[in-house]
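First the structure, in the form of structure tokens, and then the observations on it.
The values are calculated or read from the model by the stated rules, or taken from the named source; none is laboratory data. Everything numeric in this text was worked out from a predicted model, so none of it was measured. Every residue, glycine among them, receives a Cβ derived from its backbone with ideal geometry; neighbour counts consider all protein chains shown. Note: accessible area is taken over every heavy atom of the protein model, side chains too, but ligands, DNA and RNA are not part of it. Shrake-Rupley method; radii C 1.70, N 1.55, O 1.52, S 1.80 Å.
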Number of protein chains: 2
Amino acid sequence: MSIKFEITKECYKTSARVGKVHTPHGIIDTPAFMPVGTQGTVKAMTPEELKDIGIQIILSNTYHLYLRPGCHVISEAGGLHLFMHWDRPILTDSGGFQIFSLGNLRKLTDEGALFRSHIDGSEHFLTPELVIEIQNSLGSDIIMVLDECPPYPCEYEYLKKSLRRNNQWAKRCKEANKREEQALFGIVQGGVYRDLRKESLESLLEIGFPGYALGGLSVGEPKDLMYEVLEDTVPLMPADKPRYLMGVGTADCLLEGIKRGVDMFDCVFPTRIARNGTVMTQNGYLTVRNAQYARDYTPLETGCLCYTCQNYTRAYIRHLIKAKEILGLRLTTIHNLYFLNRLMLMSRQAIMEDRFDKFVESFLKQFEG
Amino acid sequence: MSIKFEITKECYKTSARVGKVHTPHGIIDTPAFMPVGTQGTVKAMTPEELKDIGIQIILSNTYHLYLRPGCHVISEAGGLHLFMHWDRPILTDSGGFQIFSLGNLRKLTDEGALFRSHIDGSEHFLTPELVIEIQNSLGSDIIMVLDECPPYPCEYEYLKKSLRRNNQWAKRCKEANKREEQALFGIVQGGVYRDLRKESLESLLEIGFPGYALGGLSVGEPKDLMYEVLEDTVPLMPADKPRYLMGVGTADCLLEGIKRGVDMFDCVFPTRIARNGTVMTQNGYLTVRNAQYARDYTPLETGCLCYTCQNYTRAYIRHLIKAKEILGLRLTTIHNLYFLNRLMLMSRQAIMEDRFDKFVESFLKQFEG
């Protein structure tokens with residue numbers, strides 16, 4: 001098997017657990033948050049900066065890399081790790097989400113999905129086989145099956161049909177995977193319908209994967225509904241395989257997800273809000289570009305040990321962002337990734353010390369003020 | 001005196017020299033190239049990255065900082081060094097060049113210059129006294145007098161009148177400087193007219209400054225004409241004071257300037273072309289965004305020891321720039337600054353070893369191919 005998942009500790013009270021995913025490019029301590037490097041770079045960051053923060057795995061997008069620079073450019077470089085100078089684990093998605101969410105889908109059949117490039121309008125036909133071939137050429141440690149990810153809200157009947165196709169695609173993906181060292185994860189869909197989630201999961205379990213993701217959540221539904229789906233579905237997922245909740249990256253959702261037994265998360269949210277001048281602190285969100293910080297000579301977050309907070313003030317960062325200086329985005333991005341990585345560290349520590357439920361309560365109380 | 005200039009070695013053949021400028025924030029080895037941090041940040045770079053490259057001094061723009069974030073914001077932070085987290089020397093210009101070149105000048109009198117902000121259109125009146133007050137509040141190590149910097153070509157008669165005003169302004173600047181630890185440099189103007197340059201210099205020498213700059217060059221005149229002006233004027237400048245050629249930053253002009261006795265240079269050119277995807281190499285300019293580098297897995301410059309060339313390929317950097325990724329600009333900026341800093345280092349070494357003339361010849365032969 002490509003990856004090995006080891007559970008170090010289970011929470012005495014919640015479904016949270018601490019574990020280690022062993023991959024060909026090193027260990028991922030879980031629960032883990034994966035920063036997103038859409039185009040083969042976590043926006044504004046070097047790999048060394050990510051490592052300094054403690055990041056162990058990043059996610060990159062198959063859809064974007066396939067269109068630009070193209071897989072041949074990356075495979076000729078020796079794979080995505082060498083191309084982008086990142087020697088730790090990489091997870092790539094299947095590209096399905098982008099096809100369905102960027103609004104360029106032209107035709108969806110059982111065979112695959114026809115879409116138009118958002119870059120040059122060229123037409124491409126993505127099949128489960130092609131998606132795996134692309135990810136094989138990228139050489140990522142964890143790869144994902146192609147699936148349709150319907151938006152919220154979505155009709156029950158539509159979803160039911162979509163699941164059947166997803167199930168076929170998942171099978172074809174598994175058969176197509178030529179590189180055993182790359183761990184292919186299945187994706188549980190089914191919207192907010194408990195029975196559909198169960199059905200989707202059962203089909204995937206029959207095929208058998210080294211890890212299972214939850215897709216189609218955090219796509220517009222109320223948070224409580226997402227938590228309900230997690231409560232219903234996660235307990236049915238194999239305990240000895242990593243569980244990955246796709247597209248979730250706010251502090252509250254991460255903690256609620258961990259509490260319900262999720263091990264891995266990814267989201268563009270923390271890096272995107274950073275570039276818009278908003279940072280996360282233990283006291284909640286802080287929009288440093290606001291005028292009230294023009295003469296505030298304290299760090300973004302008092303007590304934070306990240307490079308940004310150790311060396312710069314809110315006044316300076318606000319100036320940089322107002323003046324559209326690149327360093328501003330760099331500094332806020334560093335802080336937000338450090339913040340979420342520290343949150344994962346604190347969560348693991350709290351689970352190890354049988355105080356995770358109390359940790360979540362006190363953290364969210366302060367965060368949500 | 002605020003700074004101390006020490007000449008270590010004079011070229012056996014040309015007017016080049018190696019020296020050290022001692023400032024309150026440390027030593028500047030000359031000949032030196034100063035990267036420009038217009039808005040209190042060298043675009044895309046952290047101070048640590050500049051130090052890793054070996055940069056000893058940066059330039060920042062009084063005009064921009066005065067308008068945004070405003071001097072009070074910076075002085076309350078404890079000065080520009082603390083505000084921007086750079087503890088090595090800083091040179092600030094007077095703001096004059098920006099007022100005259102950004103096209104927002106409204107009225108020029110002997111008293112000062114009325115201009116409109118390029119940010120919000122507000123009107124401001126800059127006088128020699130205000131320019132010094134601003135630079136005093138910034139706390140830069142080297143500060144510059146306010147002067148009019150006419151474009152090329154410029155009428156002799158206009159320049160002659162302009163020089164008289166500049167001379168008055170230089171006097172007023174010197175009188176206004178309240179902080180002795182900040183070294184105020186005079187600026188020699190006079191366009192491409194030998195006698196006007198001489199007249200301008202003589203007036204400044206009468207006032208007396210710890211360093212002298214050459215302004216109004218590299219403003220559109222042919223390079224050979226600039227070299228002629230340098231040949232005529234530099235020998236008249238005091239040998240025991242630093243000589244600073246403003247706004248020059250191409251490899252050939254730097255070497256020709258050093259050869260003629262210039263010690264300091266600044267220019268946005270190397271960082272600006274970097275952000276547009278062009279880098280400097282020993283074999284000349286390379287526009288890495290060009291299609292021919294799409295599958296070129298060699299570094300920007302073979303043999304270069306900069307962070308970029310040690311870790312990334314042309315193919316990856318081209319991809320980043322095409323995809324408008326910030327890391328692309330960061331990597332090209334690092335390389336260009338490293339390249340120019342290395343050129344200064346190699347020049348100093350060559351002067352020390354009495355082979356500077358040969359070094360320039362062979363360097364330019366390869367660079368201009």
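I want to verify the translational diffusion coefficient of region B:95-139 in µm²/s; compute it with Stokes-Einstein, Rh as the Kirkwood radius over Cα pairs, at 10 °C and 1.306 mPa s. Don't skip to the end; give the middle numbers.
Numbers: Rh = 10.9 Å.
The estimated diffusion coefficient comes to 146 µm²/s.
Which whole-Hz ³J(HN,Hα) couplings does region B:174-182 yield from phi under the Karplus relation 6.51 cos²θ - 1.76 cosθ + 1.60, θ = phi - 60°, glycine and proline marked x?
Once rounded to whole Hz, the list reads 4, 5, 7, 5, 8, 10, 4, 6, 9.
Are any of the pairs A:Lys20/A:Lys43; A:Lys43/A:Lys160; A:Lys43/B:Lys51; A:Lys107/A:Lys160 more than 28 Å apart by Cα-Cα distance, and if so, which?
In this structure, A:Lys43/A:Lys160 exceed 28 Å between Cα atoms.
What full-extension length gain, to one decimal in nm, is calculated for B:Tyr297 and B:Arg106 as 0.36 nm per residue of separation minus the Cα-Cα distance? Before the final figure, lay out the partial values.
Numbers: separation 191, 0.36 × 191 = 68.76 nm, distance 5.21 nm.
That pair, B:Tyr297 and B:Arg106, stretches by 63.6 nm at full extension.
Tell me which chymotrypsin sites (Phe, Trp or Tyr not before Pro) from region A:3-55 have a DSSP coil assignment and no more than 13 other beta carbons within 10 Å of their own.
Hits after loop and neighbour filter: A:Tyr12.
A:Lys322: which aspartates and glutamates have alpha carbons under 16 Å from its alpha carbon, excluding same-chain residues fewer than 8 sequence positions away?
By straight Cα distance, A:Lys322 reaches A:Asp296, B:Asp120.
Tell me, what is the FRET efficiency for B:Ala239 and B:Arg272 to the nearest 0.05, using R0 = 35 angstrom and their Cβ-Cβ distance as r?
Plugging the Cβ-Cβ distance into 1/(1 + (r/R0)^6) gives 0.60.
So, with +1 on the Cβ of K and R and -1 on the Cβ of D and E, and no other charges, what is the size of the charge dipole of the protein assembly as shown about its Cα centre, to the nearest 20 debye? Don't skip to the end; give the middle numbers.
Working: 86 positive and 90 negative charges, 63 e Å.
Taking the Cα centre of the protein assembly as shown as origin, the dipole is about 300 debye.
Between A and B, which A residue has the Cβ nearest their rotation axis, distance in Å?
Nearest to the symmetry axis by Cβ: A:Ile326, 3.
Are there residues in region A:63-107 whose accessible area shrinks by at least 30 Å² when all protein chains are included rather than the chain by itself, and which are they (probe 1.4 Å, ligands and nucleic acids not counted)?
A:Arg68, A:Val73, A:Glu76, A:Phe83, A:His85
Only protein chains counted, 1.4 angstrom probe. Which residues of region A:330-349 are at least 40 Å² less accessible in the assembly than when their chain is isolated?
Residues shielded by partner chains are A:Arg330.
What's the local net charge at B:Ile119, with K and R +1, D and E -1, over the other residues with C-beta under 10 Å away?
On the way: positive: A:Lys322, B:Arg68, B:Arg116; negative: B:Asp120.
Cβ neighbours under 10 Å give a net charge of +2.
Using a 10 Å cut-off on Cβ atoms, rank the peptides A:184-195, A:134-145 from the highest mean neighbour count down.
A:134-145, A:184-195
Taking the radius of gyration and the Kirkwood hydrodynamic radius from Cα positions alone, what is the Rg/Rh ratio for region B:143-230, to two decimal places?
0.98
May I ask you to work out the translational diffusion coefficient for the protein assembly as shown at 25 °C, viscosity 0.890 mPa s, via Stokes-Einstein with Rh from the Kirkwood sum over Cα pairs, reported in whole µm²/s? Don't skip to the end; give the middle numbers.
On the way: Rh = 28.5 Å.
Roughly 86 µm²/s, to the nearest whole number.
Determine the percent antiparallel among the DSSP beta bridges restricted to region B:44-194, to the nearest 5.
45
So what does the Cα-only Debye profile of region A:63-221 read at q = 0.14, 0.21 Å⁻¹, as log10 I(q)/I(0), no solvent term?
Those come out to -0.69, -1.42, one per q.
Please state, to two decimals, what the Cα-based radius of gyration of region A:107-191 comes to when divided by 2.2 N^0.38 Å (N = residues).
On the way: Rg = 13.6 Å, N = 85, 2.2 N^0.38 = 11.9 Å.
Against the empirical 2.2 N^0.38 Å value, I get 1.15 for region A:107-191.
Roughly how compact is region A:267-317, stated as its Cα Rg over 2.2 N^0.38 Å to two decimals?
With N residues counted in region A:267-317, Rg over 2.2 N^0.38 Å equals 1.07.
Would you work out which of B:Ala350, B:Ile3, B:Ser200 lies farthest towards the positive end of the dipole of chain B? Charges go on Cβ: Lys and Arg +1, Asp and Glu -1.
Checked the options; the winner is B:Ala350.
With a Förster radius of 56 Å, plug the Cβ-Cβ distance of A:His72 and B:Leu225 into 1/(1 + (r/R0)^6) and report the FRET value to the nearest 0.05. It would help to have the intermediate numbers written out before the result.
Working: r = 50 Å, r/R0 = 0.89.
Efficiency, from the Cβ-Cβ distance: 0.65.
Taking A:Lys358 as the anchor, which aspartates and glutamates have their alpha carbon closer than 13 Å to its alpha carbon, excluding any fewer than eight residues away along the same chain?
Qualifying aspartates and glutamates at Cα under 13 Å: A:Glu256.
If one takes the accessible area of chain B alone plus chain A alone and subtracts that of the pair, with a 1.4 Å probe, what total in Å², rounded to the nearest 100, results?
3300
Which three extents, in whole angstrom, do the alpha-carbon atoms of region B:181-322 cover along their principal axes, largest first?
60, 35, 23
How big is the Cα convex hull of region B:1-151 in projection, averaged over all directions, in nm²?
Quarter of the Cα hull surface area: 10.7 nm².
What are the distances, in nm and sorted shortest first, from the label point of B:Asp252 to the label points of the same position in each other copy, with each label point placed 7 Å from Cα along the Cα-to-Cβ direction?
When each copy's label point is compared with this one, the spacings are 6.3 nm.
Keeping every protein chain in place, order B:Ile27, A:Ile207 by accessible area at 1.4 Å, biggest value first, i.e. largest first.
Order by accessible area, largest first: B:Ile27, A:Ile207.
Report the antiparallel proportion of the DSSP beta bridges in the protein assembly as shown as a percent, rounded to a multiple of 5.
Here the antiparallel bridges make up roughly 50 percent for the protein assembly as shown.
Take every residue in peptide A:287-298, count the Cβ atoms of other chains within 10 Å of its Cβ, and give the average of those counts. Can you show the working numbers first?
Details: counts 0, 0, 0, 0, 0, 0, 0, 4, 6, 0, 6, 0.
Mean partner shielding for this stretch: 1.
Could you work out the local net charge near B:Lys178, counting Lys and Arg as +1, Asp and Glu as -1, over the other residues with Cβ closer than 14 Å to its Cβ?
Values: positive: B:Arg172, B:Lys174, B:Arg179; negative: B:Glu129, B:Glu133, B:Glu175, B:Glu180, B:Glu181.
So the environment of B:Lys178 carries a net charge of -2.
Viscosity 1.567 mPa s, temperature 4 °C: give me the Stokes-Einstein translational D for chain A in µm²/s, with Rh taken as the Kirkwood radius over C-alpha pairs. Could you put the intermediate results ahead of the total?
Working: Rh = 21.0 Å.
It diffuses with D of about 62 µm²/s by this estimate.
Using a Förster distance of 56 Å, how high is the FRET efficiency between B:Gln310 and B:Glu206, based on the Cβ-Cβ distance and rounded to 0.05?
Step by step, r from the Cβ atoms, then E = 0.65.
Less than 9 Å Cβ to Cβ from B:Ile351, Lys/Arg counted +1 and Asp/Glu -1: what total charge do the surrounding residues give?
+1
Counting Lys and Arg as +1 and Asp and Glu as -1, each charge on the Cβ, what is the dipole of region A:119-166 about the Cα centre in debye, to the nearest 20?
280
Within the P(r) computed for region A:20-77, what percentage of the Cα pairs occupies the region above 13 Å?
Beyond 13 Å sits 66 percent of the P(r) for region A:20-77.
With only Lys, Arg, Asp and Glu charged, each at its Cβ (+1 for the first two, -1 for the last two), find how big the charge dipole of region B:104-204 is about the Cα centre; round to the nearest 20 debye.
240
I'd like to check one number: the per residue accessible area of the protein assembly as shown, probe 1.4 Å, reported in Å² as a whole number.
Details: 28110 Å² over 738 residues.
On a per-residue basis, the protein assembly as shown sits at 38 Å².
Could you tell me what percent of the DSSP beta bridges with both partners in chain A are antiparallel, to the nearest 5?
50
Of all the accessible heavy-atom surface of the protein assembly as shown, with the other protein chains kept in place and a 1.4 Å probe, what percent is carbon and sulfur? Display every interim value, and only then the final one.
Values: 13920 of 28110 Å².
Answer for the protein assembly as shown is 50 percent, counting heavy atoms of protein chains only.
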